[in-house]
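If you scroll down you'll find the structure; I have some questions about it.
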Amino acid sequence: MNRELDGVFRPRSVAVIGASGKRGTIGHSILHNLIEYSFNGKVFPVNPKSKVIHSIKCYSTVLDVPDAVDLAIIIVPADHVGPILEQCGEKGVKGVVVISSGFKEVGPEGAAKEEAIVKIIRKYGMRMIGPNCFGVLNTDPEYSMNATFSKAQPLRGRIGFMSQSGALGEAILGLANDLNLGFSMFASVGNKADLSGNAILKYWGDDPNTDVILIYLESFGDPREFTRIARDLSRKKPIVAVKAGRTDAGARAVSSHTGVLAGLDVGTDALLEQCGVTRVTSIDELFDVAAALSNQPIPKGDRIAVITNAGGPGILATDAIVSLGMKMATFDKKTTKLLREKLPLVASVNNPVDVIAAGGPDSYRIAMDAVLADPNVDAVIVIFVPPVVVDHKAVINEIVAAIDNDKNRKTVLGCFMAIPSGVAGSEQMIKHKIPVYTFPESAAKAMSAMVRRRQWIERPISEPRTFKVQAKNAQKIIDDARADGQKSITGSEALAILEAYGVSIARSVRTDSAREACAVAGEIGFPVVMKADGPGVLHKTELGGVSTDLRSPEEVQVAFDAMKKNFSKGKTGFSGVMIQEMVPSGVETIIGMNHDPSFGPLIMFGLGGIFVEVMKDVTFKVHPVTPHDAKEMIESIKGYPLLNGFRGSAPVDFECLEETIMRLSQLVTDFPEIDSFDVNPFFAGADRNSSKAVDARFILRKEPPRVG
């Protein structure tokens, strides 16, 4: 077992430095909570102005404490933290929690103080949480440590919660108690000057008392390290995260379609998804999902049944289930027959099952038994809107009894819509580990998270592929462009980079004369496409630099003359054209990359063409892309039916499309000097011969990117 952070989470003795006898102060609250929560160890108040606090002998400094000290909780002004840490180091303290604020969160002067205390921590080999944090707790009876200044006394449970926001600490612990959710450990990490979320994740990954990990994040420390830890850990334990804040990664790269589309936090979404971390949008949803994951078995599939006594909530649940990508289960004929025979005539026996408002304990028991026994049902959401004429407790008792009698142990979530004080008897559900939600949408979201959890566990583990490529050819093109002071590579040179990496391209020939253009067009075979070709031409279509479906030498001549005249007047000037075969069929897709300042390269795939920024049907993955990632990218876009054969058309060559994405991911690995690129469009055809890139552009950067 990982023991690295035992000094913080499993201390046998705690010194509260800055302890106070004055009620309402943090120094008083933390000391009080340690005592009130029955800390199973020694507690030493430290304050030079007091001899006794809370009926316990008080010491002037931590050096005066006669016993060993494992953990020091520091609540003093920022200027005094450094000297006190020196004393802690001399004392042999293993762990430190600095509650004090006034560090990097207040500006450069505070950042300098924080840097100084980190040096002291490193000097003595201590581990520190904070500064500017809410504290830590461990509910294991062997320790029973509440070293926070919360008014709520946490319940014991099997959830580890890590919060970057100290201000949310009180609300988090209070809300968890209201929902009857218990923690194994809690940590408010504050500024993460020493201990980051990554270190705590590793520690909780080995903790036998922690089954589910919840995270509130405002920023990543080292995204690459987080990826490595979370991807491994999430297969053993579910991780659910709220990530606050958005990135402006797309604002820097308006010349790139991928850059424009890579804003609005897509890097965070991609990273968490690839790590198997369930991302939610609020603290409420975080706890909704935690209640489901920590109490119910993971569903074996996504076929959901709904039982209700009111039509409206049943419809709301159905809408939410379908919109979240799950399926409404289709009942076995035996189930429908049984329900029709035993439920009232006016009841609905299809999914959702509506036992009607008059349906009491017997109706709910019949419906629950039948649906839970149905082989076509993976999970159930049972809704109860308490009518005046029905015995609430009797209904709930029958629901619980049916679940207890279920030999298949299917997933069941409850939805009891009632007044704020709750439904009488609902405590029975909670006692039997059946989460209860107020609204159908909340239950459906929690169920969706559980389904995604199953999909992640079953997802095959794959590593990025490496292809045999002509990297030297690509390197020469990039080096030549940089030597010429070019910031971008377009046209024939961009296609040559793709060809060097084994990406199929449309046959193309560059020329700077009308006569040669006509001759080349004849060699390629009509119809052809003509494109302006030059180092400064990024958006050819908008500038009139593309002519398609040219079917004769005369049409080529006219197009060439018009293009030459048009570009000779512009800023870029006329540098010649590219004559290209006209790809006869296929679905226009886009494959791109943009650098996120936090996560590094993001690989994009979606429907392409000139309307890509309007349609925005794209998806992102954090580089590098594995075979399974590439497959997921293709299948996750809304336009997937167009790729899979629509109205009689043949499906595209998915193997070729997936391979192209992975080859371009390898290109990103090999050339960090590429800041972004678009391959748009890449025509996805029915076979390799008809799957070709027809245009691309690469944006270069002066230096390789720095991630983290």
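Could you point to the residue in SER552, SER513, VAL503 farthest towards the positive end of the stretch 451-562's charge dipole, with +1 and -1 charges on the Cβ of Lys/Arg and Asp/Glu respectively?
Farthest along the dipole direction, towards plus: VAL503.
When the Debye formula is applied to the Cα atoms of the stretch 310-463, each taken as the same point scatterer, what base-10 log of I(q)/I(0) results at q = 0.12, 0.13, 0.17, 0.19 Å⁻¹?
Normalising to I(0) and taking log10 leaves -0.49, -0.58, -1.00, -1.27.
Can I ask one more? Reachable lysines from LYS119, Cα under 28 Å, same-chain residues fewer than 8 places away excluded?
The qualifying lysines are LYS91, LYS94, LYS104, LYS192, LYS202.
Translational diffusion coefficient, Stokes-Einstein: compute it for the stretch 587-700 using the Kirkwood radius over C-alpha pairs as Rh, at 25 °C and 0.890 mPa s, and state it as an integer in µm² s⁻¹.
Working: Rh = 14.0 Å.
After rounding, the answer is 175 µm²/s.
Averaged over every viewing direction, what's the projected area of the C-alpha convex hull for the stretch 348-431? Give it in nm², one decimal, please.
On the way: hull surface 21.1 nm².
The orientation-averaged projected area of the Cα hull of the stretch 348-431 comes to 5.3 nm².
Also, I was wondering about something else. Arrange VAL240, VAL349 by Cβ neighbour counts within 10 Å, fewest through most, would you? Present the calculation step by step, with values, prior to reporting the outcome.
Numbers: VAL240 26, VAL349 19.
Result, fewest neighbours first: VAL349, VAL240.
Can I ask one more? If neighbour count is taken as other Cβ atoms inside 10 Å, put PHE287, PHE39 in order from fewest to most. Let's see the in-between values first.
Values: PHE287 23, PHE39 20.
In order of increasing Cβ crowding within 10 Å: PHE39, PHE287.
With charges only on Cβ, +1 for K and R and -1 for D and E, what is the dipole size of the stretch 44-118 about its Cα centre, in debye, rounded to 20? Before the final figure, lay out the partial values.
Numbers: 7 positive and 10 negative charges, 67 e Å.
That gives the stretch 44-118 a dipole magnitude of about 320 debye.
Then there's this: Based only on other Cβ atoms within 10 Å, what is the fewest-to-most ordering of SER144, SER426? Kindly include the intermediate steps, with their values, before the conclusion.
Numbers: SER144 16, SER426 19.
Arranged by neighbour count, lowest to highest, SER144, SER426 become SER144, SER426.
From the phi angles alone, apply the Karplus equation (6.51, -1.76, 1.60; θ = phi - 60°) to the stretch 32-48 and give each ³J(HN,Hα) in whole Hz, x where the residue is Gly or Pro.
4, 5, 4, 6, 4, 8, 6, 3, 8, x, 8, 10, 10, x, 10, 6, x
Further, regarding this structure: Less than 30 Å apart at the alpha-carbon level, and either on another chain or at least 8 residues along: which lysines does that give for LYS337?
LYS300, LYS327, LYS393, LYS407, LYS410
Values in this text are rule-based calculations from the coordinates and carry no lab data. Just so you know, these numbers come straight off a predicted model, no measurement behind them. A quick note on method: Cβ atoms are made from the backbone with ideal geometry, for glycine too, and the neighbour counts reach across all protein chains shown.
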